[in-house]
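The values are calculated or read from the model by the stated rules, or taken from the named source; none is laboratory data. Everything numeric in this text was worked out from a predicted model, so none of it was measured. Every residue, glycine among them, receives a Cβ derived from its backbone with ideal geometry; neighbour counts consider all protein chains shown.
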Amino acid sequence: MIQDQKYLETYYFKFNRTHWSTLRDSMSMRLTEEDLIKLKLINKDISLEEVTTIYLPILKILDLYISTNWRQKALIQEFIGTCNRKTPYIIGVTGSVAAGKSTIARLLQAILSNLAEYRSVDVITTDNFLYPNKILNERGLMKKKGFPQSYDMRSMLEFVQKIKSGAKKVTTSIYSHMIYDILPNANKVIRQPDILILEGLNVLQHEIDGFNNPHRIFISDFIDFSIYVDAPEILLQNWYINRCLEFRNRAFYDPTSYFYNYTQISEDEAANIAIQIWNEINSTNLKENILPTRKRATLILTKRINHEIDCIHLRK
């Protein structure tokens with residue numbers, strides 16, 4: 001822990017909420033009151049104050065990074081005499097299970113889409129590259145779901161390479177949390193976005209057991225800006241339990257849901273199962289595979305209770 005703190009102090013600028021919020025003063029407000037209300041609809045628990053205090057400065061930071069990246073590439077293309085074509089900018093969002101990665105990814109998509117420069121902003125979750133449950137069962141990996149070896153890393157790497165090379169159309173499978181599996185006969189099509197937000201547990205991971213990677217190419221090699229969503233483990237555990245209970249409540253009228261069986265037991269029993277899963281699977285995955293990638297992130301957002309971001313670290 002002390003070693004991690006020393007690393008952050010050496011390689012990152014640190015901001016508290018108050019200091020961070022002042023960064024928005026240097027930018028023109030390009031979000032209307034109506035826009036802010038729409039953002040709140042993405043997640044009922046996020047406050048408008050959180051959007052203006054935290055996410056508007058993030059918008060400014062991203063705008064600077066993206067515009068600088070594209071200007072640099074345009075100059076290089078001009079110098080070598082190739083056509084001036086924007087390369088899709090990839091933003092990675094990672095962190096623990098239940099940290100709120102997907103909410104942040106959707107907020108960023110909505111905010112960036114308000115800027116005229118960015119014609120299209122897509123979001124993809126790396127869960128789309130999980131092996132189907134049938135394969136996980138055959139390989140004895142169901143209790144390792146979410147661990148690096150439970151993903152089809154070859155397909156994920158190929159997908160990101162195609163996006164970065166400017167392929168006109170790239171497809172992925174679609175994962176459903178409600179059925180807890182890859183949806184059969186369904187896919188998502190990505191068509192040359194200006195920005196792709198790649199969200200998942202393994203966005204910044206390198207070493208993966210069982211994955212033959214002779215060229216030593218990693219997903220993170222194609223990510224231009226990365227965000228790690230951080231929080232104390234006790235909060236992550238509580239958020240995970242609450243999420244499981246929320247899925248259980250939604251499943252009462254849907255017998256096809258993976259969580260339907262949880263409706264046949266009491267809420268306390270369901271909560272105890274969630275605690276057991278956290279302790280045996282998610283906590284181990286966090287410590288062994290996810291948390292070690294935090295130091296590779298460009299931006300670290302540390303949350304406190306109610307998912308409010310309390311501290312921000314920006315790589316120097």
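Here are a few things to note about the model shown:
- Some residue of segment 231-242 being farther than 30 Å from residue 312 by Cα, among the hydrophobic types (A, V, I, L, M, F, W, C) and part of a loop (DSSP other than H, G, I, E, B): no
- Selected residue (criterion: surrounded by the fewest Cβ atoms within 10 Å (Cβ to Cβ)) from residues of segment 136-153 that are in contact with a helix residue (DSSP H, G or I) (Cβ under 9 Å, 6 or more places away or on another chain) and assigned to a helix (DSSP H, G or I): 143
- Matching residues, segment 14-31, being modelled with pLDDT of 70 or more, surrounded by 11 or more Cβ atoms within 10 Å (Cβ to Cβ) and outside any helix (DSSP H, G or I): 14, 15
- Reported count of residues in segment 71-104, each being touching a Ser or Thr at 6+ places or on another chain (Cβ under 8 Å) and either modelled with pLDDT under 90 or assigned to a helix (DSSP H, G or I) (or both), is 3.
- Any hit, segment 173-186, residues being farther than 29 Å from residue 300 by Cβ, in contact with a Lys or Arg (Cβ under 8 Å, 6 or more places away or on another chain) and loosely packed, with under 14 Cβ neighbours inside 10 Å: no
- Single match in 282, 249, 261 (criterion: without any contact (Cβ under 8 Å) to a residue 24 or more places away in the chain, assigned to a helix (DSSP H, G or I) and within 27 Å of the chain's Cα centre (by Cα)): 249
- Across segment 166-194, the number of residues qualifying as touching a Gly at 6+ places or on another chain (Cβ under 7 Å) and either among the small types (Gly, Ala, Ser) or part of a strand (DSSP E or B) (or both) comes to 0.
- Restricting attention to segment 227-238, the residues being surrounded by 20 or more Cβ atoms within 10 Å (Cβ to Cβ) and farther than 17 Å from residue 287 by Cβ number 1.
- Being hydrophobic (A, V, I, L, M, F, W, C) and either surrounded by fewer than 19 Cβ atoms within 10 Å (Cβ to Cβ) or in a loop (DSSP other than H, G, I, E, B) (or both) is a property that residue 163 lacks.
Results for (1) out of contact with any Leu (no Cβ under 8 Å at 6 or more places or on another chain); (2) under 24 Å from residue 151 (Cα atoms), shown as yes or no for each residue.
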site: 248; (1), (2): yes, no
site: 255; (1), (2): yes, no
site: 263; (1), (2): yes, no
site: 268; (1), (2): yes, no
site: 274; (1), (2): no, yes
site: 280; (1), (2): yes, yes
site: 284; (1), (2): yes, yes
site: 287; (1), (2): yes, yes
site: 301; (1), (2): yes, no
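- Total residues in segment 154-180, condition of a type outside the set (S, T, N, Q) and touching a residue at least 60 places away in the same chain (Cβ under 8 Å): 10
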